[in-house]
Number of protein chains: 2
Amino acid sequence: MELSSRAELIQASPIRKLMPFANEAKSRGIHVYHLNIGQPDIKTPKEMMDVYHNYSDKVLAYGPSQGLEIYRKDLVRYYKNHKINLQIDDIIVTTAGSEAIVFALYVTCNPGDEIIVPEPFYTNYNGFATMAGVKIKPLTTYAENGFALPENDKIEKLISNKTKAIMLCNPGNPTGAVYSKKELKRIVDLAKKHNLYVISDEVYREFTYDGTHHTSILEFPEIKDKAIMVDSISKRYSACGARIGCIVSKNKSLMSSVLKFAQARLCPPTIDQLAADACIDLEKKYFEDILEEYKKRRNIVFEELQKIENVLCVKPQGAFYIIAKLPIDDAEDFAKWMLSDFNRDNETVMFAPVQGFYSTPGLGRDEIRIAYILNEESLKKAMYLLREGLKEYKSLKNK
Amino acid sequence: MELSSRAELIQASPIRKLMPFANEAKSRGIHVYHLNIGQPDIKTPKEMMDVYHNYSDKVLAYGPSQGLEIYRKDLVRYYKNHKINLQIDDIIVTTAGSEAIVFALYVTCNPGDEIIVPEPFYTNYNGFATMAGVKIKPLTTYAENGFALPENDKIEKLISNKTKAIMLCNPGNPTGAVYSKKELKRIVDLAKKHNLYVISDEVYREFTYDGTHHTSILEFPEIKDKAIMVDSISKRYSACGARIGCIVSKNKSLMSSVLKFAQARLCPPTIDQLAADACIDLEKKYFEDILEEYKKRRNIVFEELQKIENVLCVKPQGAFYIIAKLPIDDAEDFAKWMLSDFNRDNETVMFAPVQGFYSTPGLGRDEIRIAYILNEESLKKAMYLLREGLKEYKSLKNK
């Protein structure tokens, strides 16, 4: 029985597809350090957990398609604290950031249309593009200069009459790059010049280091009808399992269409929205502590990578990922091998091969993404295992 | 700034689009009986609520993309009790039934392909079809014969080389029809003959009355590579706000594609899955009591409708909706008027105009869908208000 073309086209998640090898290792009694997925070990705030514990409605009912009014109202306040001025109707709550991106693609693009995305990019953008029948035109960025946005001519070369939007992830997963206001202004001007939407995935807003500052696409009034922001609480409150995000735009007709797509799927999860709402006024100290912790982790990983011969990486300024270029040919094979054939004292480490984060064939084959989402001690062990594994793997390959 | 064609095409939910009129009525102090939406007033089971209250993990983490293993394992047992024999890999947990339907369309159809759906149908199928770029070819069924499936020649007339699937809702929303094994066998044979998928939305499985029995599409081994079942706990456990459903098929390559779409959006909500899992072994008595209650409600609505002159309806055998043909020209106008201009002692009633449940233009303009989801006393009042409203509306129109 034949499947659809998109069913054949859809990419297996390069982050998740090696999971069977990890599970097989675990069944052999091997402990696996998971640096492959952005699942932080940070405790979900008590404020949030209390909502689940104290939920007292007798019927777990549908909420409004646009999200619970109280939550959207409180989100206005949250964004205001981040210098983003919104009305409640500029916000529609979604089932995580994933749904927000799919909605953004539905309303801006027809099947066959194109969007420009700096690569390497969050690999699930491929899946969302397949869902919406949209083609991603990759704009290659390079580890060597911190994955900065290329010059305008490189970007304009990719614009065709099918191009509908530029999609950014800022701070960047998997790059850790944070775009400056000046870099963003270039994108804004290009969007104006070529009449393109800008879809900005800002789920790592809080995660910037060394005095770097995050700029939202919504801070540019000159493209307020073209700017679409995508957000999620998954990383912010270490609540990946709640599946709460939102899509934000000041373009009223666009939001009215998003609402219709939202109505078709009825509503996002109800209690999870209330749980998210409880975090709106989390004290500043919560983020300061977390950032301090992530910064420490980033420094450990970066320093440990420096100790390995012929490994190239730049110190990321945001999110909690680092890309490392390894002195090998096939990082996916290496990642599998680390799970299937390697261990030290019954321990090994899992990371994500970066190849699947590039759209251009052949790129990223020698790169891995490390999510620094474990505590100091575990991270140190994991980096030791990476170093040892790399040594053994290389000597095997050179035989 | 131009939107996509599908952004222009997407239909506003006819169930939800009158909500602003209801809210406006409420702001004037009018009590609105909501018979417009399938949001039951039945208490969500304590077993389920206890899971939220007792959740003790410190990090609300991602689950697997295919759903929590324990829940999928327990679903195998649930279905076994309904004479459906499954392996765990035949099931992928989704964010409610909505996502399951969208996934089913993604993997069976390309943009531009067609599916045949008996109309009137659950109106959000239009939205899902727009998301997937699929065209719905409506197969008209009629209140007069209980919305039974038309003869084969009527169905075959709709089949083109673009037809990929027949999609059914059984028991039916909004019709209340329950397809007999014999009726389904006809569809199964047609699917075999024309090499079509059958997508069967069975979220009202438990809701059958008067000795009627629900038959699943998965009970036909002769089309096991073509059968896709869509399910949800929303109605079953009165847990619409949990957003937990699943997609089930024995077609392994199809499920392997569904999994890739599932990986792109990472996972369904975590605690809500655990809550759903707690209901798997709900005692039979839970459903017996609920069915008794719904049957009573159905009878009230049906009897009250019989008392109104020139109203046509058949007694539904399943789900919790009834379609009534009213002696007026425009049920949507009437529904609005009931909210904007009518009340008795500051009370009115809201129902869903059925026009939006038909795909064929012009059909259903004089029909409303009543969801009998309120208690006996409220239902009686609501039906009184409908009768009074109809009398007043008609006399106004005849002036």
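Quick rundown of the values:
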| read-out | value |
| --- | --- |
| Estimated [θ] at 222 nm from DSSP helical runs (n ≥ 4, -39500 (n - 2.57)) normalised by residues in the protein assembly as shown, nearest 500 | -12000 deg cm²/dmol |
| Cβ-defined net charge surrounding A:Glu114, 12 Å radius [Lys, Arg +1; Asp, Glu -1] | +3 |
| 20 Å cut-off, amide nitrogen to a point 7 angstrom out along B:Glu151 Cα→Cβ, residues in the range B:359-387 | none |
| Inter-label distance for A:Asp329 and A:Asp345, nm, one decimal - labels placed 7 Å from Cα along Cα-to-Cβ | 3.4 nm |
| Top positive-direction residue, dipole computed over the range A:159-309 with Cβ charges, set A:Ile271, A:Leu254, A:Leu291 | A:Leu254 |
| Point-to-point label distance, A:Glu183-A:Leu158, nm (Cα→Cβ direction, 7 Å offset) | 1.3 nm |
| Too-long pairs where the Cα-Cα distance tops 27 Å, listed order kept, from B:Lys80/B:Lys226; A:Lys315/A:Lys391; B:Lys157/B:Lys235 | B:Lys157/B:Lys235 |
| Straight-distance crosslink candidates among aspartates and glutamates, where the alpha carbon sits under 18 Å from B:Lys296 and sequence neighbours closer than 8 are dropped | B:Asp41, B:Glu206, B:Asp210, B:Glu288, B:Glu304, B:Glu376, B:Glu377 |
| Semi-axis lengths (Å, descending) of the ellipsoid that matches the C-alpha gyration tensor of chain B | 34, 26, 21 |
| Violating pairs (Cα-Cα greater than 31 angstrom) within the set A:Lys250/B:Lys397; A:Lys193/A:Lys250; A:Lys193/B:Lys135; A:Lys135/B:Lys162; B:Lys73/B:Lys154; B:Lys73/B:Lys224 | A:Lys250/B:Lys397; A:Lys193/B:Lys135; B:Lys73/B:Lys154 |
| Extended-chain gain in nm, criterion 0.36 nm per residue less alpha-carbon gap, B:Thr360 and B:Lys46 | 108.7 nm |
| Within the range A:322-399: Cβ-based charge dipole about Cα centre, in debye rounded to nearest 20 (Lys, Arg +1; Asp, Glu -1) | 180 debye |
| Helix A:331-340 vs. chain A, principal-axis angle (Cα, 0 to 90°, nearest 10) | 70 degrees |
| Copy-to-copy label separations for A:Ser5, where each label sits 7 Å from Cα toward Cβ, in nm and ascending | 1.5 |
| Farthest toward positive dipole pole in chain A [+1 Lys/Arg, -1 Asp/Glu at C-beta], among A:Val311, A:Asn161, A:Tyr384 | A:Asn161 |
| Rg over Rh, two decimals, the range A:94-135 (C-alpha only, Kirkwood Rh) | 0.94 |
| Degrees separating the helix B:376-397 axis from the principal Cα axis of chain B, which is the longest one | 60 degrees |
| Nearest-ten-degree value, helix A:252-264 long axis tilted from longest Cα axis of chain A | 70 degrees |
| Distances in nm from A:His53 to the matching label points in the other copies, shortest first (labels 7 Å along Cα to Cβ) | 1.4 |
| For the range B:114-171, diffusion coefficient by Stokes-Einstein and Kirkwood Rh (Cα), 20 °C, 1.002 mPa s, µm²/s | 180 µm²/s |
| Euclidean distance of C-alpha centroids, the range A:52-127 and the range A:32-47, integer Å | 22 Å |
| Most mobile listed residue (A:Leu218, A:Leu259, A:Leu149) in chain A, GNM with C-alpha springs under 10 Å | A:Leu259 |
| Exam field: A:Leu282 pseudo-label spacings to other copies (7 Å along Cα-Cβ), nanometres | 3.4 |
| Nitroxide proxy distance, nm - points 7 Å out along Cα→Cβ at A:Glu392 and B:Arg77 | 4.0 nm |
| Whole-number Å³ per residue for the convex hull built on Cα positions in the range A:46-277 | 120 Å³ |
| Cα-based Rg / Dmax (Å) for the protein assembly as shown | 27.0, 97 |
| Extension gain (nm, one decimal) between B:Asn85 and B:Ile308, 0.36 nm per residue minus Cα-Cα | 75.7 nm |
| Net length gained if the chain between B:Glu219 and B:Asn375 were fully extended (0.36 nm per residue, minus Cα distance) | 52.7 nm |
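FYI, it's all coordinate maths here, none of it is from the lab. From a predicted model like this one, the values you see are computed outputs, not experimental measurements. Reconstructed Cβ throughout: ideal geometry from the backbone, glycine too, with neighbour counts over all protein chains shown.
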